[in-house]
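Working notes, beginning with the structure itself.
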Amino acid sequence: MTKETNERFSAKEIRQYTFRAGLSRTQGGLMELISEVYTSILGGLTLVTMAGALIVALRHSLGVGDESALLASAVAPGFHSVTLLQASATVLLTLAAGLLTLEMTMGPVAMSVPQTAWWLGLPVRRRGFIQPGFLKSMAWPSIAAVIVVLPLSLGMAADPTPGNLALAVLCGLGLAWLLYGIAAWCQVTGSGAWLKKAMGAITLLAPLTLVATALYNNVAGTSAITGRQTAWLEYLPTSWPLLVADGARWPLLLLALALGLLALVYLNLERITTAALKKSAAAGAYAASSLLSMDATELSRSFSTGPATGNSRVRLKLIFTKGTANTRSIKTLASTHATMALRSPATLLRVLVLAAIPASLASVEFLGNAILIAVAIYLCAHFSATALGATARFSAGNPAVDTLMPLPAKTVRQVHYIVPGAAMTLWAIICFGLLLALGVGSPALLILALLAGPGLGAATLRAGFRPAPDWNMPALAGPAGPVPTGAIRAFLIGPDLSLIVLLPVLICLISGGVPSIAFPIQLTLTFLAFQWGTHIRKPKSAKDGGLFGVPQTAANK
Amino acid sequence: MSKATNHSGANQHHRPIPARKDVVRAEKLQAGYAGKAVCGVVSFSLHSSQSLALVGPNGAGKSTVVKTVVGQLEAVSGTTLINGNEVDDRTLDFRREVAVVFDDDAFFPALTVEEHLAIVCAGHGVDEVEDVISAELEFFGLSALAKSRPYNLSSGQRRRMLLAAAFVRPRSLLVLDEPEQRLDTSMRHKLAARLRAEVDSGLALLVVTHDPEFLITVATKALFIADTIHAMTPGRAAEAIASENPHAD
C-alpha cells in the first residue's frame, strides 16, 4: 500500500484495502463458500415455509379448505369479533411503526464501530465510506416488506393473481423504502426524536385497540363498531399494499414518493455527522451482542431504546430498622429489586402489552381458535417472564452484588423471586381476565392461570440465572454452521420452564374444559417450578473436584 | 503535506503554523449532555507551540469538554473555533489538521497493527509509508507485534497502537484524553518527552491528564475543570491534581 507521491487514497481504495487485507486472512475457502450458500438456501426455504404456513392458516380462517377441529373457534357463540380488515390494517400499522423505530435506532445508515473509528477521521471524501452502509441497510426493510406483504396479500386478496401480488409486493417495497428514507433523512438532519417516540407509542398501543374494539363491541349492542365504520383503515398508507393486491393501482404512488426521498437522502449523505454514525454503529454492536447472548429482552431493548440511561424519580424505602438483621436484609434486597423494576417503566408497559396480545388475537374475526391463542399465550408469557429478569441477569453477571447482604445464597435467590413471581401472577390475571371478557375460557380457567402465574415467575429466574454456554461441548451442524450443544442447552433454559408451568392451562384452554384434577396438578407444577427456579447450581469445578477433573479423594490417595 | 523524519525516534508530522496564531479558541464554552452542563464555562485559546492540560477530579467534565471542543458532542452554549473555523468534523480541513486519540477500543479484527496504521497513512497521503510506520512502531515498542492483530495485544499495547496512529499522520493540533492510561512508566516518560519536543517545534496540544509528572513535562498551561474553571501554571496544576483541589498550595 505504498504510493511514492503524497497523493491521498480515495475512500473507495481504503475500503477495498481494508476488505482485501481482512479477506486474505480469513480461513476456509471453498467449504466456507458452500456453507454460506447452504445457509442462504436453507434460510430462504425456512422463510418460504413459514410464509406458506401463514397463508394456509389465513385461508383456512377465511373458510377456504377443510374445516378442522383444531381450527374451531375458542370464542363464545355470538361474540362480535374485530374484522380481519381492521386486524390486518392494525398489524401493518404496528409493523411499520416498529420498523421505523428500529431503523431510527440502528441508523438507518450504518457503519461498523471500527469503520467509524478508523475511516471517518481520514481527510478523504466521506461519501465513499457512508454510501455502502446506506445501500446495504436498505436490504433489511426490503426483505421485511416481502415477508409481511406477500403472505398478507395472498391471504386477504379476493383475486390473488400473480400480477396483483407482484404489484402489492412492489407497493410494500415502496412503503419500506419510504420509511427507510424518513429515518435516513432524520439521521441526515439530526432530527426526529419526537417521531421515534410517537412510533414507539404506536407500536405498543396499536395492538391494544383490537382488544378495546372487541370489548366495546360486545357490550355496545346496536351501537357496536361495524366493518363499514372501520373500512377507512384500508386507506392508511401502511395498508396500501393490500389495496394493490385487490386491484387498485394508485397506491403505487408510494414507490415514486419513496424513490424521491431516497434520492434526496443520497445527495445529502455526507451531511450525516460522525457522532450520528458512531451512535448507530454502537447501537448495531449492542444489538449484535444481544443476539449472540440469545436474550430476547436485551435484544428488544437494543432495537428500541438502547441501554437505560438518565435518572429516575422512583425512590422506595431501602433502609429498614425494625426486625432482625435477616428480616431487614431481606426487606432491603426485595425493595432494591422492586426499585430496579419500577425504574424501567417501558419494560413494564411492554409486559402489560404482551398480556393483551392473546386477547388481541382472539378478538379478530376467524383468528380466535384455541391453538393459535395457546401458542400466543406461551410466547407472550415467556417474553414477559424474560423481560422481568433484568435484575436476575444483572446479578448473574455480577455475582458480587448478591453477596452484599449477610444472607445465605438460597435466601437471596428466593428474594429474587418475589418481584417476578408477583408480576407474572398479575400478568396471568390480566391475560386470562381479558380473554374471559372476550368469551374465551371460563372463570375456572382464570383460577387455574392464577395458580400458574407464580410458576412463570420461577421461569424468569431460570432464564435470568442460566449458566453461560459450555463452548467445550461437541458441536451440532446447524443452518448457520456448527452450533455448540452447550449453546443450544443454554438457549432452552427458561423457555422450558415456562412451557411446563403453562401446560395444564393450555391443555384446558384447547380442550375447552377444566377438570378438577387440573388444579392439584397445576399447584404441584408451580411448586416444582419454584423449587427449580430458585435452585442454585453448584459450579462445575466443585462437582468434579481436584485438578484436571481427578476426584479429590482419588488424588489424595 | 510536509513530512520531516527525525531518526531519534520521533517522526514530527505536525504542520508548521505561524507563531501566535490561534489553533483553538473556545469562547464561553459549556460542555454537557442533552443541553445540561456538566462543568463551568470555559474560555481559552491555544496557539501553535503551546500545550494546554485539562485537569480535575473524575467526573468533573474534562473529557466532555475535549469532546465538545473537537465536535464529537454538541456544546450546551458557546463556540469553538479551530484554525479560525467553526468546528465541523465533516470538513476535510478539520480531519487533515486535527488528530484525536480517545479511549476507543475499536479495531478491525482481521487487520494487523501495521495495516491499521497503513489505513491512516493512506488517508492522509503520507509518503514513504513503510519507513514512517516502522519508525512509529519502534518508538512505541510494537515492532515485534507489527503483524499481530489488535485483539491479541494487551490493553496497554492497544493503547500504544492508537497513539502510534496519531503520530503516523500530519497534524497541527493533537488532542489526547489521558494518554498516560495503561502505559508503563518508561513509555509514559518517552511519550511525554516526545510530546514536549513536538510542542516546542510548533504542535498545538490539548491533553487531559491525571499524571502530575506527565503534566509538568508536557504542558505549557493548564485549566482545572470543576463547577468553576481555574486557569493555572503546570506546576500549580500538578499540585492541584495531587489534592484534587484548585486552591491547594
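Some points to look at:
- Residues that are surrounded by 22 or more Cβ atoms within 10 Å (Cβ to Cβ) and among the hydroxyl-bearing types (Ser, Thr, Tyr), drawn from segment A:138-185: A:Ser153, A:Tyr180
- Subset of segment B:78-106 that is within 8 Å of chain A (Cβ to nearest Cβ) and farther than 21 Å from A:Arg125 by Cα - its residue that is farthest from the chain's Cα centre (by Cα): B:Ala106
- Filtering B:Gly156, B:Gly202 for residues that are more than 14 Å from the chain's Cα centre (by Cα), open to solvent by less than 50 Å² (accessible area, probe 1.4 Å) and on the phi > 0 side of the Ramachandran plot leaves a single hit, B:Gly202.
- Pairing residues of segment A:106-125 that are more than 7 Å from chain B (Cβ to nearest Cβ) with residues that are among the charged types (D, E, K, R) and open to solvent by 30 Å² or more (accessible area, probe 1.4 Å), at Cβ distances under 6 Å and at least 6 apart in sequence or on separate chains, gives A:Thr116/A:Lys278.
Residue by residue, here is whether (1) among the aromatic types (Phe, Trp, Tyr); (2) modelled with pLDDT of 90 or more; (3) in contact with a strand residue (DSSP E or B) (Cβ under 6 Å, 6 or more places away or on another chain) holds:
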position: B:Ser49; (1), (2), (3): no, yes, no
position: B:Val55; (1), (2), (3): no, yes, yes
position: B:Gly61; (1), (2), (3): no, yes, no
position: B:Thr68; (1), (2), (3): no, yes, no
position: B:Asp104; (1), (2), (3): no, no, no
position: B:Ala110; (1), (2), (3): no, no, no
position: B:Val120; (1), (2), (3): no, yes, no
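- If you check A:Leu348, A:Leu372 for being modelled with pLDDT of 85 or more and either touching a Ser or Thr at 6+ places or on another chain (Cβ under 7 Å) or not small (Gly, Ala, Ser) (or both), only one passes: A:Leu348.
- Filtered residue count, segment A:197-213, keeping only those that are of a type outside the set (Ser, Thr, Tyr) and either in contact with a Ser or Thr (Cβ under 6 Å, 6 or more places away or on another chain) or open to solvent by less than 50 Å² (accessible area, probe 1.4 Å) (or both): 9
- Residue match in segment A:286-301 (condition: modelled with pLDDT of 75 or more and assigned to a helix (DSSP H, G or I)): yes
- Residues that are on the phi < 0 side of the Ramachandran plot and open to solvent by 50 Å² or more (accessible area, probe 1.4 Å) number at least 3 in the following helices (runs of 4 or more DSSP H) confined to segment A:318-404: A:325-342, A:345-362, A:370-387.
- Residue check, A:Ala158 at pLDDT below 90 and among the small types (Gly, Ala, Ser): yes
- Selection within segment A:222-243 - more than 15 Å from A:Leu85 (Cβ to Cβ) and open to solvent by less than 50 Å² (accessible area, probe 1.4 Å): A:Ala224
- Residues being in a helix (DSSP H, G or I) and either at the interface with chain A (Cβ under 9 Å from one of its Cβ atoms) or among the polar types (S, T, N, Q) (or both) - total across segment B:107-145: 13
- Among the candidates B:Ser148, B:Ser172, B:Ser154, residue that is in contact with a strand residue (DSSP E or B) (Cβ under 8 Å, 6 or more places away or on another chain) and either of a type in the set (S, T, N, Q) or at the interface with another protein chain (Cβ under 10 Å from one of its Cβ atoms) (or both): B:Ser172
- Looking across segment B:217-232 at every residue that is surrounded by fewer than 20 Cβ atoms within 10 Å (Cβ to Cβ) and under 16 Å from the mean Cα position of the chain (by Cα), the one that is farthest from B:Val70 (Cα to Cα) is identified as B:Thr217.
The values are calculated or read from the model by the stated rules, or taken from the named source; none is laboratory data. On a predicted model such as this, the values are computed, not experimentally measured, just so you know. No Cβ is skipped: glycine too gets one built from the backbone with ideal geometry, and neighbour counts run over all protein chains shown. These area figures cover heavy atoms from the full protein model, side chains too; ligands, DNA and RNA do not enter into them. Shrake-Rupley method; radii C 1.70, N 1.55, O 1.52, S 1.80 Å.
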